[in-house]
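A.B. asks: So that we are looking at the same thing, I have put the structure below in structure tokens.
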Amino acid sequence: MTPMTPMTTIGVAIPIAEPYGSELQKFRAEFGDPMAASIPTHVTLLPPTEIAATDLGVIDEHLLAVAARFPRFRIRLRGTATFRPISPVVFVPLAEGISSCEVLQSQVRSGPLQIDLRFPYHPHVTVAHDLDKDALDRAYDALSEYDCAFDVEYFSRYEHGADGVWRPQRSFPLAG
């Protein structure tokens, strides 16, 4: 890379199937999370990672290979949990699909996407982040009985736009 190499920030995630993705995004907005409109509802496989834009082809080939050998699986989201006091986050945890997400993220985070994580991997769906205690408590209580399930048929590569919005750029169908 030269100093003039254009960089981009990507992430890889499992989008939450509809109608659940929109439903959880609406809740996130109602709790007052300013990032609700900028971050599609998802389970992270690769956190925000800065790469050279010229590496996108190699990265997409890697993600295609991972998806081609990985089987479809089911995710069930149920209840709420939090990372407090370590981090001001309320999330909907996975009740089913945890091990599949763990294996998939380790395969995604290999080869050209091998990065170290700041925290151990814990698949979840964020519904409130960096809000005051009362808003986090409201989110925790409001979704405590939340329950949905869907089949994971693909994951997506997202790019972080100059406007701060994460947008899906390409999907990778699971075919293993």
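The values are calculated or read from the model by the stated rules, or taken from the named source; none is laboratory data. Values in this document were obtained by computation on a predicted structure and should not be read as measured data. Note: ideal-geometry Cβ built from the backbone for every residue, glycine included; neighbour counts use all protein chains shown. In case anyone asks, the SASA skips ligands and DNA or RNA and just uses the protein heavy atoms, side chains included. Shrake-Rupley method; radii C 1.70, N 1.55, O 1.52, S 1.80 Å.
A.B. asks: Counting only residues that are open to solvent by 30 Å² or more (accessible area, probe 1.4 Å) and either outside any strand (DSSP E or B) or among the aliphatic types (A, V, I, L, M) (or both), which one in region 40-61 is nearest to G164 (Cα to Cα)?
C.D. replies: Across region 40-61, the extreme among qualifying residues is P40.
A.B. asks: Just for region 1-39: of the residues that are of a type in the set (V, I, T) and part of a strand (DSSP E or B), which one is farthest from S156 (Cα to Cα)?
C.D. replies: Out of the qualifying residues, it is T8.
A.B. asks: Going by what's in this entry, would R109 be described as basic (K, R) and within 26 Å of K26 (Cα to Cα)?
C.D. replies: The answer is no for R109.
A.B. asks: Exactly one condition in (1) closer than 25 Å to A17 by Cα; (2) of a type in the set (A, V, I, L, M, F, W, C); (3) at pLDDT 95 or above is not met by V58; state its number.
C.D. replies: The one condition V58 does not meet is (1).
A.B. asks: Right, something else. Of all residues being under 24 Å from F31 (Cβ atoms) and in contact with a helix residue (DSSP H, G or I) (Cβ under 9 Å, 6 or more places away or on another chain) in region 92-106, which is most open to solvent (accessible area, probe 1.4 Å)? Just the residue, please.
C.D. replies: Filtering first and then ranking leaves L94.
A.B. asks: Is it the case that region 29-46 has a residue that's under 15 Å from P112 (Cβ atoms), under 17 Å from the mean Cα position of the chain (by Cα) and at pLDDT 95 or above?
C.D. replies: Looking for residues that are under 15 Å from P112 (Cβ atoms), under 17 Å from the mean Cα position of the chain (by Cα) and at pLDDT 95 or above, one finds at least one in region 29-46, hence yes.
A.B. asks: Which of the residues that make up region 70-91 are within 27 Å of E30 (Cβ to Cβ), in contact (Cβ under 8 Å) with a residue 60 or more places away in the chain and open to solvent by less than 30 Å² (accessible area, probe 1.4 Å)?
C.D. replies: Once the filter is applied, which keeps residues that are within 27 Å of E30 (Cβ to Cβ), in contact (Cβ under 8 Å) with a residue 60 or more places away in the chain and open to solvent by less than 30 Å² (accessible area, probe 1.4 Å), region 70-91 yields I75, L77, G79, T80.
A.B. asks: Output the residues belonging to region 112-147 that are open to solvent by less than 50 Å² (accessible area, probe 1.4 Å), touching a residue at least 40 places away in the same chain (Cβ under 8 Å) and not in a loop (DSSP other than H, G, I, E, B).
C.D. replies: Passing the criteria: L113, H124, V125, T126, V127, A128, A135, L136, A139.
A.B. asks: For the list (1) surrounded by fewer than 14 Cβ atoms within 10 Å (Cβ to Cβ); (2) of a type outside the set (D, E, K, R); (3) under 18 Å from H129 (Cα atoms), I need the number of the one condition that F27 fails.
C.D. replies: (1)
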